[in-house]
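Participant: Please see the structure below; I have some questions.
The values are calculated or read from the model by the stated rules, or taken from the named source; none is laboratory data. This structure is a prediction, so every number in the text was calculated from the model and none was measured. Here the Cβ positions follow ideal geometry from the backbone for every residue, glycine too, while neighbour counts run over all protein chains shown. For accessibility, only protein heavy atoms count, side chains too; no ligands or nucleic acids. Shrake-Rupley method; radii C 1.70, N 1.55, O 1.52, S 1.80 Å.
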Amino acid sequence: MLCGKISCPLLAKARAIAAHGRLVASEQIDGSTPPGVFVGRFGHPRVLVGPMIPPYHGDTTVLDTPELWLGKTIQEIVDLRYSLVRGKTRVHIFDAQDPFGIVDRLQELTMSRSPVESQARFAKKPAGTLTLSDEAQPFGPSAPLRSFQAWGMKTDRQIEKAYYDRDLKAADAITRLHEDGVLVSRIQRAFSIGMFGIGARRRLVPTRWSITAVDSTISERLLEEIKHLPTIDDFRVHTFRYIDNRYVVMLIPAMWSYESIEAWFPGTAWNEGGASPAMMGDHEGYQGRTTYASIGGCYYACRLAIAEHLLRERRQSAALVLREIHPGYILPVGVWNVRESVRAGLTKDPTRFDNFHSALDFALGQLSIPRKAWLQSSHLLREAFLQRRISSYLGA
């Protein structure tokens, strides 16, 4: 506990290793893959790819389906992910255009709608501790892959159809699958292993990049429709808390604009040694943005959740998202945390107001950081208070 955190991240990793270390430390793994695949980013355009397999059989879907993790503790998530062993072999990203060997087998695996019996042989025993990122979900030990077999696949016909349509653009395949109710994590996995797009343009996409690419693509398409819808007619505040993250989503009766601000408290991943919360954010107006958000994939994951909600409501609005990350968030677990938390928060009945100031007072009252700090950090709030064009519809 010398780090000062209220719960020790080293112990969280150690518990996972103690629980699964012996099972995954073998040159051969037999188990039911969720199915899971991984595409690395180092060495691009020649990247490491491979399956992810646990050392046991049965329904392992939860191991690689973030949509099922909401409500689990960080320790439970770490335990789930450490049980997956990554095989890895280096291929070229354009091997997806005419797949053969391991790429072909991984694409076939990814088309399965349920766990698949599999066996992997490694060149040496899997090694490495838990790999953590605020973009992607945690990854466990890995080893060079010598051979891989899988059998008993039950094909997801929707993904299969997109895969065999080599004239369908990747963005169209992604949005069509989302419309058909395919889980975002499954779309991300298939996109990563190069299963979508014009045949001659297909490529492998590193897992971390694919997560944000899919969130961004789907939300952009949804917003194209949302921007033609009438605005909401009141101010709405949704709140949600999970693994010591606090979320406030404020929906404002106006044409689409969006801002997401994060406040990382001292002792968290992006503010280890600070004396006060580190605040950062990004925003876009009605026309969207042309540069990558500085806060990374969380921006797009949150935007997707809001766009899904507005489309269900058949309304548009401006959206302000305030997120506080407190010290209990001892390890980053990936942007799925933001997407699923905001989704969950938006399913709850909002607190409604007839004016901007009452809504803002309530919203900021759900958070720890003083009002002045949020106002200084927020482009949308500065516009609301300083520009006549914005303040006119906010009732200022």
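Participant: Where in the range 176-216 does the amide nitrogen come within less than 16 Å of the point 7 Å from the Cα of residue 289, taken along Cα to Cβ?
Facilitator: 212-216
Participant: Enumerate the lysines that residue 348 could reach by cross-link, defined here as Cα to Cα under 27 Å, with residues fewer than 8 away along the same chain left out.
Facilitator: In chain and number order, the partners are 72, 227.
Participant: Oh, and also: Any idea how far the Cα center of the range 181-238 sits from the one of the range 239-265, in Å?
Facilitator: 20
Participant: Among 79, 349, 172, whose mean-square fluctuation peaks in a Gaussian network model of the chain (Cα, cutoff 10 Å)?
Facilitator: 349
Participant: In the full protein assembly as shown, how much of residue 227 is accessible to a 1.4 Å probe, in Å² to the nearest 10?
Facilitator: The accessible area of residue 227 comes to roughly 50 Å².
Participant: Excluding ligands, DNA and RNA, what is the solvent-accessible area per residue of the chain at a probe of 1.4 Å, expressed in Å²?
Facilitator: Averaged over the residues of the chain, the accessible area is 42 Å².
Participant: Output the 0 to 90 degree angle, nearest 10, between the alpha-carbon long axis of helix 207-226 and the longest principal axis computed from the alpha carbons of the chain.
Facilitator: With rounding to tens, the tilt is 40 degrees.
Participant: Given a Förster distance of 25 Å, report the FRET efficiency between residue 165 and residue 73 from their Cβ-Cβ distance, rounded to the nearest 0.05.
Facilitator: 0.05
Participant: Also, quick follow-up: Among the lysines, which have Cα under 26 Å from the Cα of residue 88 when same-chain residues fewer than 8 positions away are ignored?
Facilitator: 13, 124, 125, 154
Participant: Separate question: What ranking, highest mean first, results for peptides 333-342, 215-224 when packing means the other Cβ atoms within 10 Å averaged over each residue?
Facilitator: The densest-packed peptide leads the list: 333-342, 215-224.
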